[in-house]
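Read the figures in this text as sums done on the coordinates, not as results from a lab. The structure presented is a predicted model; accordingly, all values stated were derived computationally and were not measured. Please note: Cβ atoms are built from the backbone with ideal geometry, for glycine as well, and neighbour counts cover all protein chains shown.
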Amino acid sequence: MSSNVEREWFYYLKGRHILLYQLLSGSSSERITQSGVIRTREKELMYPNEDIADGLRIEYTALNEPFVSESLETTTATASGTDISFALSGTRITTDNTNNFWDTTSGFVAGDKIRVQGSASNDADYTIDSFSGGGNSNMVVSGSTLTDENTGERVTVTQIPKEATSPDETSHINLNKMLSLAVVDYLKAMVYEQAGQMDLKEYYMKEFYGKLGDNESNKRKISMSFPAGVYAVR
Amino acid sequence: MTVLEAMERVGLKETTLTIAWIKDAIHHIQSNSKDKLKVTKQDIIKAVDSDDNKYLLPADMIAVDSISVKDTSDSKYKRIRRLNTQPYYLLEDTAP
């Protein structure tokens, strides 16, 4: 059994590989023999000595869904409640609220991609095929298999961006407005590079990276105050 | 912002080239600021020979954000630390 992994497991990046190491004298290894002699040297490493299903988790950036069919600014439909149930038969998500809860109140339309969270066994991404029933209380979905589940859990259904797999002029860039403006600067830089105007290319690349920085600092608004010095002009 | 709107702002007329450049721009963004993260999981195997601690980085990876290992004592993924240098005594190790 692996334990204290944050202290006893290490990785080393080499080319296209991650090399995993485990502390030999760690808590999952035998440290003292039956005769009472310590078998391992301190801080000696070894290769992983156990099977762990889905044991290695890598979080990374990729060119992931670069284009979507709707702009991020309007991908905002959301619904939440404890009166939402799931039925495998008919592949539908149902609300007890029959007053056009899904379409009119929450803003979902057929074709939207949605993410379900908070359910007991139906947390996944789906695509809305249609609405049915009185007051459109049923949302018929596809994409993942539903499990029968009664109301009770606080379930949240959120619209998520739907990838445009064959992007064209009408596709949206899967970035917020600030980063989309940065992309425009990048395109200008490429145009000037092709024209051989390297000074303008450099200018727009600087603008591009400036907007990346602005986008990051927008997430971390920090106000700083400094005490006035004794001889400061007030 | 649509691809067409970006093209009009710049004065471009070639859609395919614009889409390729937009992908390049997103590549730069993902390389520098981690706008959107992806997660992949692999089985860890008990090492029996010299290359059994080698795991492939995702083929579509631009930048690593974190690497974690599942702690089976509480079924939680915990970040592990990176070694600056490869342990020299394990090179070509036939009995790990």
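Structure data summary
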| read-out | value |
| --- | --- |
| Sequence of B:Arg9, B:Arg82 once ranked by neighbouring C-beta atoms within 10 Å, starting from the fewest | B:Arg82, B:Arg9 |
| Once the Cα gyration tensor of segment B:3-90 is diagonalised, semi-axes √(5λ) in Å | 40, 15, 12 |
| Candidates per trypsin sites (Lys or Arg not before Pro) in segment A:82-183, loop by DSSP, up to 14 other Cβ within 10 Å | A:Arg154 |
| Efficiency of FRET between A:Leu63 and A:Leu13 - r from beta-carbon atoms, R0 25 angstrom, step 0.05 | 0.80 |
| Residues A:Thr94, B:Thr16, B:Thr85 arranged by fewest to most Cβ contacts within 10 Å | B:Thr85, B:Thr16, A:Thr94 |
| Dipole in debye (nearest 20) - segment A:175-219, about Cα centre, beta carbon charges: Lys, Arg +1; Asp, Glu -1 | 160 |
| Neighbour-count ranking [beta-carbon atoms within 10 angstrom, fewest first] of B:Trp21, A:Trp102 | B:Trp21, A:Trp102 |
| Value at 222 nm in deg cm²/dmol, rounded to 500, when DSSP H runs of n ≥ 4 in chain B each add -39,500 (n - 2.57) | -8500 deg cm²/dmol |
| Long pairs among A:Lys113/A:Lys188; A:Lys162/A:Lys219; A:Lys113/B:Lys38; A:Lys211/B:Lys70; A:Lys206/B:Lys13, criterion Cα-Cα beyond 28 Å | A:Lys113/A:Lys188; A:Lys211/B:Lys70 |
| Theoretical gain in end-to-end length, A:Glu6 to A:Asp199 [0.36 nm per residue, Cα-Cα removed] | 64.7 nm |
| Prolate/oblate/rounded call for segment A:93-234, Cα gyration tensor, a/c under 1.5 rounded | oblate |
| Debye equation applied to the C-alpha atoms of the protein assembly as shown, log10 I(q)/I(0) at 0.11, 0.12 Å⁻¹ | -0.97, -1.04 |
| Choice from A:Gly152, A:Gly213, A:Gly55 with maximal GNM fluctuation in chain A (Cα, 10 Å cutoff) | A:Gly55 |
